[in-house]
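Here the structure is laid out as C-alpha cells; the discussion comes afterwards.
The values are calculated or read from the model by the stated rules, or taken from the named source; none is laboratory data. Everything numeric here is computed off the predicted structure, so don't read it as measured data. Reconstructed Cβ throughout: ideal geometry from the backbone, glycine too, with neighbour counts over all protein chains shown. In case anyone asks, the SASA skips ligands and DNA or RNA and just uses the protein heavy atoms, side chains included. Shrake-Rupley method; radii C 1.70, N 1.55, O 1.52, S 1.80 Å.
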Amino acid sequence: MSDELAEARAAVEAARKAQAEAEARLAELQETGIVEPGPADPAHDPAAAAAAAEAAATNPRTAEPVPEHEPPVDGVVEAPVDGAVQADPDEPAEPGAVVEPKDAEGPLTPAEVVAIREGYAFEGPSLEMGALVNGDPDPETQIRIPLRMLNRHGLIAGATGTGKTKTLQGLAEQLSAAGVPVFAADIKGDLSGLASPGASGEKLLARTAGIGQAWEPKAFPTEFYALGGQGIGVPIRATVLSFGPTLLAKVLGLNDTQESSLGIVFAYADEQRLPLIDLKDLRELLLWLTGDEGKPELKRLGGISTQTAGVILRELTAFSEQGADAFFGETEFDTRELLRTTPEGLGVVSLLELPGVASQPALFSTFLMWLLADLFEDLPEVGDPEKPKLVFFFDEAHLLFKDASKDFLSAITQTVRLIRSKGVGIVFVTQTPKDVPGDVLAQLGSRVQHQLRAHTPDDATALRATVRTYPRSGYDLEQVLTSLGIGEAIVTVMGEQGAPTPVAWTRLRAPQGSMDPTPEAAMRQAVDASPLLATYGPAIDRESAYEILQARLEAAQKAQQDEESRQAAEEEAARLEREARANRGSRSGGSRSGGSRGGGSVVTDFIGSRTGQTIIREIVRGILGNRRR
C-alpha cells in the first residue's frame, strides 16, 4: 500500500510540474503576441493533460478515480480544470488558483503595440508627433513622420476646436529647427505665436512629461506677410502679366473659348507694348477693345466676339470686387524669398495674414495658384532630397476648393503631383477629408485626423467614409474618431520605404512657441526690422496699359473735338459769307431800282467788303489753331 501511495504522490508531482511548464509556455506566447490571452487549461497542453490523466487514474485509498474537486493528499489544492482565474488586486484569488495577467485597458494587444512601435522606428531624421495612446499614453512608443517624406504631402483634418492649428504649429517648429523653410497662411492669426516663446504651466508640463516630451519654451524665426499690404506684414503682390492668361482664366472660371480669347488679348497687349500690371490695366484694355476706338482692332484680332470680351470683362469686375485689386501690382514678390534660412541654419517660417478670407475665397485660391505655379517654374528638379526645400501649410483648405471649376481642380491636382520633385511639400488643413477632392486626397502620403463629430446624418456618412480610407487596425475607428480628446489624433504616415505606417492613436506634442497670438506691437516691430520691407513695401504705379490707353483715348477725344470745332467754324464762316452775299445782292438790286446807295447797314457793308472778308478768315484760322505766328 505504501508503494501505491508513493506512486500516486509521484504522479501528482509530475502533473504539477507539467502544468507549471504549460502555464509558463502559455504566458510566454501571450507576451510575444503569438496567441491571444485565454484560460490556462491543461487540456491545451498535451504533456500536462497526459500527466493529469495519469495522476487521476486511481485513488490510493479507494482505487477509484479521484473526485473532480477532492483535494489531493498532503492538503495541496490543485487548480480547477475549467480554466484560470483573472487577476484582480481588489479580490485576491483563492489558494491554488492559476493567476493570469489582467487585460490591458486600451484597445490594442501587446503584439499590436509592438507592431506600431516598430512601424515608427525610422532610421533617418524625423519629426516627433507624440506618443501612442493605448488606454494611457505610452512614452516608449513614439509616433513620427520621416523628414524626407514631407514632400509626399499630407492632410491635417478635424472638427473646429480639436487642435488642428496647434498640430500645424508643432510641425512647423520642428521643420524650422531642422533647417526647412515653412510657409503657412495664417487665416485666424493663431500661428503668429511661433515668433514668441511659449508659457510654462503645471498642466502643460504634466501633459508633456506623460508623452515623453522634454518641453522648453522657444521662439522661431518668423517673417510676416500681408496680401497686398492689407494687414501687418511685408506686402505680397503679383502682376497680371506674370499671372498669365491660363491661370487667370482658371481662377475666373472661363470656358475654353473664353480662355483662348483672353490669351489673344494678352498677345495683343504684348504686341502693342501695353504692360498689364494690375487689374485696371486689363479692364481698360477690354473696354478699349469693345469701345468705338478699339472695335477695328478687335475685328483684326479675329476669333474674339464682342460678347466674349464682355463676359471676360464682367467676370474680371466681379473678381475685382472680391478684393483681388490689392493683390495685383508692383513691386512683384519673388517667391524664392520663401526659401530663406537663418545664419544659424534654422528655416524661416513665413506667415501670410489673410483677414476676411472666408468672404473672399477666390482671392485665397488666386494666391495659392500663382505661388505654386511660380515656384514650380523657378525651382529646379531635385528628385528625392534628404529633406524638403520648403513645406506649405494651407489652413482652411475647404475655402480653396469651394465652388472650384474643373480646370482649377485639375491644375491643383497636377501641381500637387509634380511639385514633389521640386522638393516642395504641401499639407492641407481642413475639417473633414471630404473637403479635399479625391484626386488631390490620393496624393497625400501622411494623415493626421483629429476628432470628427457625427451629430447629423451627413456627418455620420462622412465619418464612415473617412474610416474606409484607413488601413486595417486594431481600433474601432468609427468609435475612436468621435471620442478623441483635444490634442489627440489618429495618425498614419508614409514610411521610409514608401509604405503606410500602422494606424496609431496619438497624443500630440505641445508647441514650444506661444499658443496665443504674438502681440501686435511685437509683430509690427518685426515687420519694420525686416530686410524685405524696403524692397516690397512701396507700391509702384508706373506707366502701364491703363495710362497708355487713357492717353490714346484723350488724344482721340481731343482730335474729335478739334474736328467738330473746325466743322463748326467752317459752317459759321459759310453762313456769314452767304449772308454777306445776300446783303450785297439785295443792296445792288435796290440801287438799280431806286437810285439810292443807302439801302444796307454799316455792318453788312463792312462784312461784304474785302477788308471784312480778310478779318473773318483770320478769325477762323485762330479758332482752328492754324494761324501763322
Expressed in Å to one decimal, the Kirkwood Rh of the stretch 94-215 from all distinct alpha-carbon pairs is 17.2 Å
Cα extents of the stretch 228-374 along the three principal axes, largest first, in whole Å? 61, 32, 24
Dipole magnitude of the stretch 174-266, debye to nearest 20 (Cβ charges: Lys/Arg +1, Asp/Glu -1, about Cα centre): 140 debye
Among 550-556, 513-519, 531-537, what's the highest-first ranking by average C-beta atoms within 10 angstrom per residue? 513-519, 531-537, 550-556
Kirkwood Rh over Cα pairs of the stretch 362-462 into Stokes-Einstein at 37 °C, 0.692 mPa s: D in µm²/s? 222 µm²/s
Leading residue at positive end of dipole, the stretch 355-478 (Cβ point charges), from Q431, T461, L371: T461
Might you report the magnitude of the Cβ-based charge dipole of the stretch 279-388 about its Cα centre, with Lys and Arg at +1 and Asp and Glu at -1, to the nearest 20 debye? 520 debye
Cα gyration tensor shape of the stretch 221-272, rounded if a/c is under 1.5, else prolate or oblate by comparing a/b with b/c: prolate
Accessible area of the stretch 280-345 divided out per residue, in Å², using a probe of 1.4 angstrom: 49 Å²
What's the center-to-center distance, using Cα atoms, between the stretch 297-342 and the stretch 436-452 in Å? 31 Å
Whole-Å semi-axes of the stretch 296-343's equivalent ellipsoid, largest first, each the root of 5 times a Cα gyration tensor eigenvalue? 37, 16, 8
Note: the stretch 466-591, point scatterers on Cα, Debye, no solvent; log10 I/I(0) at q = 0.10 Å⁻¹ equals -0.78
Two-decimal ratio, the stretch 174-221, of alpha-carbon radius of gyration to 2.2 N^0.38 Å: 1.33
Going by amide H atoms built from the backbone, whose H comes under 5 Å of the H on S196, apart from near neighbours? F220, S514
Which residue, G513, A569, P531, has the largest displacement toward the positive end of the dipole of the stretch 496-573 when charges sit on each Cβ (Lys, Arg +1; Asp, Glu -1)? G513
